[in-house]
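One structure is given below, encoded as structure tokens.
The values are calculated or read from the model by the stated rules, or taken from the named source; none is laboratory data. From a predicted model like this one, the values you see are computed outputs, not experimental measurements. Cβ placement follows ideal geometry from the backbone for every residue including glycine, while neighbour counts extend to all protein chains displayed. What goes into the accessible areas is simple: the full protein's heavy atoms, side chains included, and nothing from ligands, DNA or RNA. Shrake-Rupley method; radii C 1.70, N 1.55, O 1.52, S 1.80 Å.
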Amino acid sequence: GQVKSRGLEIEGAAEIAMGWSVKAAYSYNDAEQVGTNDGKMPANMPRHTGSLWLAYDFAEDTALEGLTLAGGIRYIGERFGDNANSYELDPVTLVDLAAKYKVTEKATLAVNVNNLTDETYVANCGSFGCYYGSGRSVMGTLTVRW
């Protein structure tokens with residue numbers, strides 16, 4: 001079979017005040033199968049997705065210079081678990097946090113927390129069954145550039 005897909009993606013970023021920045025994205029996907037399941041949505045393909053991310057960079061010449069704190073939400077809309085559209089997967093909204101500190105001009109420390117609320121959700125389904133999305137995860141990184 002084939003899939004016919006039309007939609008819209010929009011993304012924007014702005015500095016909304018001194019040190020504050022925001023990024024937002026939204027996708028609308030009108031997809032349908034052509035052939036075997038004619039007119040039905042493909043499996044695991046949400047019609048609506050979106051995200052919003054807010055960050056604050058502490059000003060130079062302050063005690064917290066080099067520190068960035070951020071947080072955001074991700075939305076994954078309803079979708080079907082199979083190509084026959086016989087069952088739906090619930091929508092989910094996930095919360096993420098991040099902190100980054102510029103140690104030197106070449107070194108940065110960061111901590112990211114994904115799925116802060118440890119939301120339990122079905123991420124996708126396939127021929128071998130359905131799979132849960134990742135639970136809360138915390139990752140620290142040290143990046144050195146030379």
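Brief remarks on what is shown
- The string of couplings for segment 63-71 from the Karplus curve (6.51, -1.76, 1.60, θ = phi - 60°) is 4, 9, 3, x, 9, 10, 10, 8, x Hz, one whole number per residue in order, with x for Gly and Pro.
- The chain, relative contact order [Cα under 8 Å, separation at least 6], %: 16 percent
- Residue-normalised accessible area of the chain, given per residue in Å² at a 1.4 Å probe: 68 Å²
- Here, segment 69-116 yields an orientationally averaged convex hull projection of 4.7 nm² when only Cα atoms define the hull.
- Of the chymotrypsin sites (Phe, Trp or Tyr not before Pro) found in segment 23-94, those that fall in a DSSP loop while having at most 15 other beta-carbon atoms within 10 Å are F58, Y87.
- Applying the Kirkwood pairwise sum to the alpha-carbon positions of segment 25-146 produces a hydrodynamic radius of 17.0 angstrom.
- Whole-percent carbon and sulfur share, accessible surface of segment 69-146, 1.4 Å: 57 percent
- 3J(HN,Hα) couplings calculated from phi for segment 106-115 with the Karplus curve 6.51 cos²θ - 1.76 cosθ + 1.60 (θ = phi - 60°) are, in sequence order, 10, 10, 9, 9, 9, 10, 10, 10, 9, 6 Hz; Gly and Pro show x.
- Loop-located GluC sites (Glu not before Pro) in segment 61-133 (DSSP state not H, G, I, E or B) with no more than 13 neighbouring Cβ atoms inside 10 Å: E65, E78, E105.
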